[in-house]
Structures are given as C-alpha cells and as structure tokens.
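The values are calculated or read from the model by the stated rules, or taken from the named source; none is laboratory data. Just so it is clear, the structure is predicted and the values come from calculations on it, not from any experiment. All Cβ positions, glycine included, derive from the backbone under ideal geometry; neighbour counts span all protein chains shown.
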Amino acid sequence: MNTVASNDQLLYDAATRQFSGVTEQRRSDWAKAFPGVDIERELLRAAIWWRDNPKKRKKDIARFLSNWMSKAERGFPNQTPRTGRLPVEAPVQPAPVVRGTDGLTPRERVLQGAHA
C-alpha cells in the first residue's frame, strides 16, 4: 500500500486577506472535482467568510476549503441564489372546483338560496 504525506500547509494570511499555500495541484484537483465552480472566486469568498467569522473557523483549512468548493458546486443550499435576485416562489394553484350532483358549487348553492 502506498501512502503519500501532504507537505503543503494551508494558512490564512490576515495581511493579504487570502489563503496561502494553495498549490497549483490543489487548484487543479478542485477544478476537476468541481467543474462548475470558479475556484479563484470561491477562494476569495471563503477567505472573506474566514475573516468575518473568527469564532466559527475550522481547524483544518484544507478540509474547510474542499467542503466550501463542494457546497459552491451544489449552490449553497438554503441560501439566496447568486443571481442577485430573491428566489421566485411557485405560483399558488387554485383549488379544484367541486360541484355537487346538482352541478352547483357550495358557494353557488348558498347564493341561489339567498335569491330564492
């Protein structure tokens, strides 16, 4: 069995406000694994999240970024789509009209009784 130790260490650089140590190999792997994701844009978004959420930071940055890319590919469920517009709700379908044996709806029957 071959095992490979990873020597690339990912760090967040507060001075540059970005992750350091992200190798071209890692970028290539993410691009293959998550083909619909703009890797550079998501690295920036993840760095902004990391900067703005110090109490929620994860210990393993590599795992955090891989999970981030995975969620980016799925469109970050439970969040507003990146179109800049609010999600559009499906139109409400009217209830089917129920008619009795006399061919009238309950409302028509009441109205007919009021005019009789």
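Checking each residue in segment 55-70 for being modelled with pLDDT of 90 or more and surrounded by 11 or more Cβ atoms within 10 Å (Cβ to Cβ) picks out Ile61, Ala62, Arg63, Phe64, Leu65, Ser66, Asn67, Trp68, Met69, Ser70.
If the condition is being crowded, with 18+ Cβ neighbours inside 10 Å and either touching an Asp or Glu at 6+ places or on another chain (Cβ under 7 Å) or among the aromatic types (Phe, Trp, Tyr) (or both), then segment 35-49 contributes only Val37. As a summary of the residue check, Asp52 satisfies the conditions (1) surrounded by fewer than 14 Cβ atoms within 10 Å (Cβ to Cβ); (2) closer than 20 Å to Gly75 by Cα; (3) modelled with pLDDT of 90 or more; (4) of a type outside the set (A, V, I, L, M) except for the one numbered (2).
Among the residues making up segment 7-57, those that are aromatic (Phe, Trp, Tyr) and within 21 Å of the chain's Cα centre (by Cα) are Trp30, Phe34, Trp49, Trp50.
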